[in-house]
């Protein structure tokens, strides 16, 4: 430690050897992220301008078109929130899905892959967590006889990748495969039609429920205006006779007018 004068006692500007402590806010970014952001500065803008990253860096508004409401291939059980997340991911340029461990994010990612493949799209899945990639790869590739997801990364995965590629190149579709594919497509079309019918019925029930709620609110307002006792008595009135009496009364008024 220096035994010189305190900085507060110095009268001339200069460079002094002093040990000091500076309080600073903790960076919200990890060292690895800061390094990656630094590398992005050297990437040509033309390479990422048309991507979601380009829109984000340019602070442009990312449009979110309405999600396609066509039935999804649900190879794993999904709740309504997960189902909507999959639809948004397949439609939007940028989708952020968050949640604590155990909330089914891997199920959502798996469903995104399967439906993207079904729609003829390609997907790159990147993560700093190898375990997360392994979980998704196992789930996706265990759904069928042939791998859908090709695992890249460390050298330990290179042998498996070569085996995957060799098996894909060597595989040939037999007549049985074509027949099974046609059968599955036909079955899928039937299930999709049935799903659309059920969804239409569900929407109709929701609409009726909303109408009932609106009527209940109107009835409650009438009850408050009439008072609980009068309203209770009115429920015992014969509505048929009331309508008949109202009709006669209206006719009498019409005749008196002329």
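Rule-based calculations on the coordinates, nothing more; no lab input. Quick caveat: nothing in here was measured; it's all calculated off a predicted structure. Counting neighbours? That spans all protein chains shown, and the Cβs are built from the backbone with ideal geometry, glycine included.
Here are some notes:
- The single condition from (1) crowded, with 17+ Cβ neighbours inside 10 Å; (2) out of contact with any helix residue (DSSP H, G or I) (no Cβ under 6 Å at 6 or more places or on another chain); (3) closer than 30 Å to residue 197 by Cβ; (4) without any contact (Cβ under 8 Å) to a residue 12 or more places away in the chain that residue 105 fails is (3).
- If you go through segment 115-143 and keep only what is outside any loop (DSSP other than H, G, I, E, B) and either surrounded by 20 or more Cβ atoms within 10 Å (Cβ to Cβ) or touching a residue at least 40 places away in the same chain (Cβ under 8 Å) (or both), you end up with 115, 118, 136, 137, 139, 140.
- Where helices (runs of 4 or more DSSP H) fall wholly inside segment 144-258, the ranges with 3 or more residues that are surrounded by 11 or more Cβ atoms within 10 Å (Cβ to Cβ) and in contact (Cβ under 8 Å) with a residue 12 or more places away in the chain are 158-170, 175-226.
- If only residues of segment 84-102 that are in contact (Cβ under 8 Å) with a residue 12 or more places away in the chain and within 8 Å of the chain's Cα centre (by Cα) are counted, the one that is surrounded by the fewest Cβ atoms within 10 Å (Cβ to Cβ) is 84.
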